[in-house]
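Structure record follows, encoded as structure tokens.
The values are calculated or read from the model by the stated rules, or taken from the named source; none is laboratory data. Here the structure is a predicted model, which is why all the values come from computation and not from measurement. So basically every Cβ, Gly included, is an ideal-geometry build from the backbone, and we count neighbours across all protein chains shown.
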Amino acid sequence: MLCLKRRRAWSMFRSPSRAALITATAVGVVVTLTPANGAAGGIVNGFAQAVRHEAAVGALFTTSKGRLGKHFCTASVVDSPAGDLVITAAHCVSGGSGTIDFVPGYDHGSTPYGVWRVTKVYVDQAWRSSASQDDDFAFLRVSDPSAGIPIEDQTGADKLVTGTPAVHQMVQVIGYPNTANQPITCQNWLREPMEDQLEFDCGEYTDGTSGGPFLSQVNPSTGQGQLIGVIGGYEQGGNTPQVSYSSVLGRNAAALYKQAVAGR
């Protein structure tokens, strides 16, 4: 059964200065899983399990009149000097207009670390010009004035790692299927089936998991690690729930991160 990680557009995001574009996902298959004990506990190679939540990983939501709508993609906090950056797939933030909120640790309606408004979107020029599958990543600046501190101070963050060989690494991938109200997690070895693309094989990664982080060297006590990819890239993350892809995070990702840090 074909099941793109995302399919149809929603109207979602508007920054204070200009409209940005976003595409959400269509409903895929229903996920019925047995919860694991914590973010890393009970993970089985090649078999996805539900997980209570991971602080630095969350769901992206449509928002209308200050109320959360549906979640449509996954994102995660990345370490930055100002502590206010999140990474997701570029195809998650291309294709419509409206407001986006990021909810880290979302779990069955619970928002344990608050609701954070996306105020700016950064995508690479190669993605803007041609939706290059090798540049399917985006950084988002998020803000919650009521919190009084940056998001990273509340959730912790994964460390962005670019320009290093990612194949032959064991990674943990976390994502929010559209049909579930908690994330799933799985770990397996990475492959590089084609140049500048990583492949992660595990079932149940349906629509909504786009943008989910590829994490290596995960700290079992915090659930955080080195972020070396996000679900996206080839086939915008994959046409089936069993196979997911990521663009290789190389020079373009490093340059885009620097732009986001600088606020350009």
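Odds and ends about this structure:
- Among the candidates GLY223, GLY229, residue that is surrounded by 21 or more Cβ atoms within 10 Å (Cβ to Cβ), part of a loop (DSSP other than H, G, I, E, B), of a type in the set (Gly, Ala, Ser) and touching a strand residue (DSSP E or B) at 6+ places or on another chain (Cβ under 9 Å): GLY223
- Taking the listed residues CYS92, CYS73, the one that is crowded, with 24+ Cβ neighbours inside 10 Å, out of contact with any helix residue (DSSP H, G or I) (no Cβ under 7 Å at 6 or more places or on another chain) and touching a residue at least 60 places away in the same chain (Cβ under 8 Å) is CYS92, with no other qualifying.
- Answer residue from the stretch 190-205, given it is under 17 Å from GLN236 (Cβ atoms) and in a loop (DSSP other than H, G, I, E, B) and is nearest to the chain's Cα centre (by Cα) among those: TYR205
- Checking each residue in the stretch 234-264 for being at pLDDT below 95, under 15 Å from the mean Cα position of the chain (by Cα) and either surrounded by fewer than 23 Cβ atoms within 10 Å (Cβ to Cβ) or not in a helix (DSSP H, G or I) (or both) picks out only GLY238.
- Selection from the stretch 142-172 of residues that are closer than 18 Å to PHE61 by Cβ, β-branched (Val, Ile, Thr) and outside any strand (DSSP E or B): ILE151, THR155
- One residue stands out among those in the stretch 206-227 that are hydroxyl-bearing (Ser, Thr, Tyr) and under 14 Å from the mean Cα position of the chain (by Cα): the one that is modelled with the lowest pLDDT, which is THR206.
- Scope the stretch 173-189; condition buried (at least 24 other Cβ atoms within 10 Å of the Cβ) and in a strand (DSSP E or B); matching residues: VAL173, ILE174, GLY175, ILE184, THR185, CYS186
- Filter pass, VAL57 being within 24 Å of SER246 (Cα to Cα), out of contact with any Phe, Trp or Tyr (no Cβ under 6 Å at 6 or more places or on another chain) and among the β-branched types (Val, Ile, Thr): yes
- Exactly one residue out of SER221, SER247 is among the small types (Gly, Ala, Ser) and in contact with a Gly (Cβ under 6 Å, 6 or more places away or on another chain): that is SER247.
- Some residue of the stretch 112-130 being among the polar types (S, T, N, Q), out of contact with any Cys (no Cβ under 8 Å at 6 or more places or on another chain), assigned to a loop (DSSP other than H, G, I, E, B) and at pLDDT 95 or above: no
- Scanning the stretch 95-113 for residues that are farther than 16 Å from ALA260 by Cβ and touching a strand residue (DSSP E or B) at 6+ places or on another chain (Cβ under 7 Å) gives GLY95, GLY96, SER97, GLY98, THR99, ASP101, VAL103, PRO104, GLY105, TYR106, THR111, TYR113.
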